[in-house]
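Taking it in order: structure first as structure tokens, then the write-up.
The values are calculated or read from the model by the stated rules, or taken from the named source; none is laboratory data. Because the structure is a prediction, the values reported are computed rather than measured. Ideal geometry is used to build each Cβ from the backbone, glycine not excepted, and the neighbour counts take in all protein chains shown.
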There are 2 protein chains.
Amino acid sequence: MVVTPRNTRQRRAVAAILEDLEGFASAQEIHDLLRHRGESVGLSTVYRNLQALADAAEVDALRNDEGETLYRQCSTGHHHHLVCRACGRTVEVEGPTVERWADGVAAQHGYVDIAHTLEIFGTCGDCAR
Amino acid sequence: MVVTPRNTRQRRAVAAILEDLEGFASAQEIHDLLRHRGESVGLSTVYRNLQALADAAEVDALRNDEGETLYRQCSTGHHHHLVCRACGRTVEVEGPTVERWADGVAAQHGYVDIAHTLEIFGTCGDCAR
DNA sequence: GGTCGATTTGACAATGATTCCCATCCGCGT
DNA sequence: ACGCGGATGGGAATCATTGTCAAATCGACC
């Protein structure tokens, strides 16, 4: 049966931070933000809750080029991200054509159980100035 | 001025391994392969040479979902990868449609200087059995 | 072939993100 | 209020990768 997570102060605090954030943030950044808010939460707990949220598909996770895992609250459903490499501003985008193309080429080569990662990076209009 | 790298035994050994490999391999795997070949090379040196090759665009690098950086000798030009998550077997694929789509959506949102990452993971026919 | 300087190497320490461990805590059903 | 099992926290442990620096060694020049 499905386990129902408990409604702890820490879990609420992590979720609240994610509500307020616009772009992606690392676990450590979220940990710092919590501390500055006075809602101190153990680092391990931040990691655990973020992973739990990611597993539950309530937040999206991606790795930046430094190897950190970044988290962000996103709309439901499969989508990709257009991220400003300067300010982090993120636009969620969908590409049904891309999905089909990826599944198609993989199947053509005999691959099964297909997944893909796609992120678009650029400099947003404001930062370009 | 541009520095010319020196032609050391270690650099040659790393390049030779990459010649022989079909799929992506981590720095540590390459280090082990070198050892088994009798061409022992220090782990630091393997990392350094792989990075140098990646910087020179002579090999492609990507991160798997465990956070390891994988390296592979690839054809030149822009392409993406279809990687078996079990054995690492890799097919290089091109998707002009995807490129155009990515550039298009980014431009629509006012982003400039656009780049993207796209990798497809699956289990190849042999490993699926 | 020998010399020399700058690059490269390699063993080990250090880093940094993330996970493990485990005694303690506390949400929640009874 | 009680008690149990999941949740917490914080310090240790892990793991890939990078830094350090003395020693080795390319390769240009004699």
>> under 17 Å from B:Q108 (Cβ atoms), of a type in the set (A, V, I, L, M) and facing another protein chain (nearest Cβ under 7 Å): is that true of A:V112 in this structure?
In response: no
> Counting only residues that are crowded, with 19+ Cβ neighbours inside 10 Å, within 11 Å of chain A (Cβ to nearest Cβ) and either without any contact (Cβ under 8 Å) to a residue 40 or more places away in the chain or within 13 Å of DNA strand D (Cβ to nearest atom) (or both), how many does segment B:57-92 have?
Replying inline: 1
>> Against the definition (under 25 Å from A:A61 (Cβ atoms) and either within 12 Å of chain A (Cβ to nearest Cβ) or part of a helix (DSSP H, G or I) (or both)), how does B:L34 come out, yes or no?
In response: no
>> Anything in segment B:62-99 that is in contact with a helix residue (DSSP H, G or I) (Cβ under 7 Å, 6 or more places away or on another chain) and either at positive phi or among the aromatic types (F, W, Y) (or both)? List them, or say none.
In response: B:Y71
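Taking the stated definitions as given, is B:R48 near DNA strand C (Cβ under 10 Å from one of its atoms) and surrounded by 15 or more Cβ atoms within 10 Å (Cβ to Cβ)?
Spelling it out, B:R48 is indeed near DNA strand C (Cβ under 10 Å from one of its atoms) and surrounded by 15 or more Cβ atoms within 10 Å (Cβ to Cβ).
Per-residue answers, yes or no, for (1) more than 11 Å from the chain's Cα centre (by Cα); (2) not aliphatic (A, V, I, L, M):
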| residue | (1), (2) |
| --- | --- |
| B:A56 | yes, no |
| B:N64 | no, yes |
| B:R72 | no, yes |
| B:T76 | yes, yes |
| B:H80 | no, yes |
| B:R85 | yes, yes |
| B:T90 | no, yes |
| B:P96 | yes, yes |
| B:A106 | yes, no |
> In segment B:93-104, which residues are modelled with pLDDT of 90 or more and crowded, with 18+ Cβ neighbours inside 10 Å?
Replying inline: B:V93, B:V98, B:W101, B:A102
>> For segment B:31-41, check the following and say yes or no: at least one residue is at pLDDT 95 or above, in contact with a strand residue (DSSP E or B) (Cβ under 6 Å, 6 or more places away or on another chain) and closer than 27 Å to B:C87 by Cβ.
In response: no
> Failed condition for A:L18, given (1) surrounded by 15 or more Cβ atoms within 10 Å (Cβ to Cβ); (2) more than 12 Å from DNA strand D (Cβ to nearest atom); (3) part of a loop (DSSP other than H, G, I, E, B), with all others met?
Replying inline: (3)
> Somewhere in segment A:32-39, is a residue surrounded by 12 or more Cβ atoms within 10 Å (Cβ to Cβ), small (G, A, S) and without any contact (Cβ under 8 Å) to a residue 24 or more places away in the chain?
Replying inline: no
